[in-house]
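The values are calculated or read from the model by the stated rules, or taken from the named source; none is laboratory data. The shown structure was predicted, so the numbers you read here are calculated from the model rather than taken from an experiment. Methodologically, a virtual Cβ is constructed for each residue, glycine included, from the backbone with ideal geometry; neighbour enumeration extends over all protein chains shown. Side chains included, ligands, DNA and RNA excluded: accessible areas come from the protein's heavy atoms. Shrake-Rupley method; radii C 1.70, N 1.55, O 1.52, S 1.80 Å.
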Amino acid sequence: RRKEAIPLLLSALKGKPDDISPIAFWFKAADALGKIGGEEAIGALSDVLTYDFVLPGMAAAETLGRMTDNMASSPLMKTLKDGDWRVQLAAANALSSTGVKPVG
């Protein structure tokens, strides 16, 4: 049942700012995906890291940093090279909380 919520939560994260109120909803949707966990949730959060709007990407980075799954650090590392600087900063902060040290 929890995995059935992933598409809905991903859709919420990709909503435009005027579609969702308040903005904190993005962070709650990302957090819910983090609690579901697993490869599909990590994939959904990873997809949001490079989305057009910055706040969902920041929420996704923060959530990936809290996840204990080793797969969660890989999309954060990729984000350090691509994407908006604010999402890059969120990814770097998230990686520092996991103990992963960026190389290069």
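Close Cβ contacts (under 6 Å, 6 or more residues apart or on different chains) running from residues in region 64-76 that are among the polar types (S, T, N, Q) to residues that are part of a helix (DSSP H, G or I) and open to solvent by 20 Å² or more (accessible area, probe 1.4 Å) comprise Ser73/Thr98.
Name the residue that is surrounded by the fewest Cβ atoms within 10 Å (Cβ to Cβ), counting only residues in region 1-40 that are of a type in the set (Lys, Arg) and modelled with pLDDT under 90. That would be Arg1. Of all the numbered requirements in (1) in contact with a Lys or Arg (Cβ under 9 Å, 6 or more places away or on another chain); (2) at pLDDT 90 or above; (3) farther than 27 Å from Glu4 by Cα, Val48 misses one, and that requirement is (3).
Residue count for region 74-88 satisfying the condition of being within 15 Å of Val54 (Cβ to Cβ) and surrounded by 14 or more Cβ atoms within 10 Å (Cβ to Cβ): 5.
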